[in-house]
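Contents: one structure, followed by commentary.
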Amino acid sequence: MTTSPSTTDTQPASRPRVAGDREVEILESAIDVLRDLGYDRLTFDAVAAAARASKATLYRRWPHKRDLVIDAVGLFIDCPAEQDPDTGSLRGDLLAQACADGGLDDEVVIGTWSALLPVIHREPELACGIHERFLAPKIAATRTIFENARRRGEVGADADLDTLLMVLPSLSIHEALLSGRRPGPERIAEFVDTVVLPACAATLTPAPAEG
């Protein structure tokens, strides 16, 4: 799992910090517990045991477990999947992004999202934090890919990019939830070739018939 040194830089000053590397270790342990047990069964006891840390340390740093989880998903900030692959084609960019560290083929990311999806609808503060720290950067990176593809003429000028950019992650995460495992590069390529690219082609204005 790719971690970023910026993980703790955006936290409110009123919340005491744990020394850099140690905090990352605790957050990585929180991700492991989240993936193994799910959000509802995640406890400070379980995370403290996994991280070999004091439960009191966790409580001082994170008042509620949602704060801990939100910071933990912040480990994915600036991962390779959020960078512009710029391969020259929409297909190439989507596959490069999805199969990069932090992308849809990343077991940790898929496991984390699968654990969060069933609960965010009833935890507004968790949902808001996850969107800001987990979803928004990925949506922005994917939008860039589709905007580049539109400039190259691979996507219609009036296409709804907000819908198109959600197709691949929606299919991949849904299948992961049903099957219990990440889709893998070959399955992601199937989604791109049979669903995403045809949907993009359907947004293009047909050329006028000759004669």
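The values are calculated or read from the model by the stated rules, or taken from the named source; none is laboratory data. Please read these numbers as outputs of a predicted model, since none were measured by experiment. Using ideal geometry, Cβ is built from the backbone for each residue, glycine included, and neighbour counts are taken over all protein chains shown. Heavy atoms of the whole protein, side chains included, go into the accessibility calculation; ligands, DNA and RNA do not. Shrake-Rupley method; radii C 1.70, N 1.55, O 1.52, S 1.80 Å.
For segment 38-55, enumerate the residues that are assigned to a helix (DSSP H, G or I) and either touching a residue at least 40 places away in the same chain (Cβ under 8 Å) or among the aromatic types (Phe, Trp, Tyr) (or both). Selection gives Phe44 alone.
The set of residues in segment 56-89 that are open to solvent by less than 30 Å² (accessible area, probe 1.4 Å), within 25 Å of Ile110 (Cβ to Cβ), outside any loop (DSSP other than H, G, I, E, B) and not charged (D, E, K, R) comprises Leu68, Val69, Ile70, Ala72, Val73, Gly74, Leu75, Phe76, Ala81. Scanning segment 164-186 for residues that are of a type outside the set (A, V, I, L, M) and open to solvent by 80 Å² or more (accessible area, probe 1.4 Å) yields His174, Arg181, Arg182, Glu186. Among the residues of segment 123-139, those that are within 16 Å of Lys65 (Cα to Cα) and open to solvent by less than 50 Å² (accessible area, probe 1.4 Å) comprise Glu123, Leu126, Ala127, Gly129, Ile130, Arg133. Can we say Leu116 is in contact with a Lys or Arg (Cβ under 6 Å, 6 or more places away or on another chain), over 13 Å from Pro169 (Cβ atoms) and open to solvent by less than 60 Å² (accessible area, probe 1.4 Å)? For Leu116, the condition - in contact with a Lys or Arg (Cβ under 6 Å, 6 or more places away or on another chain), over 13 Å from Pro169 (Cβ atoms) and open to solvent by less than 60 Å² (accessible area, probe 1.4 Å) - is not met.
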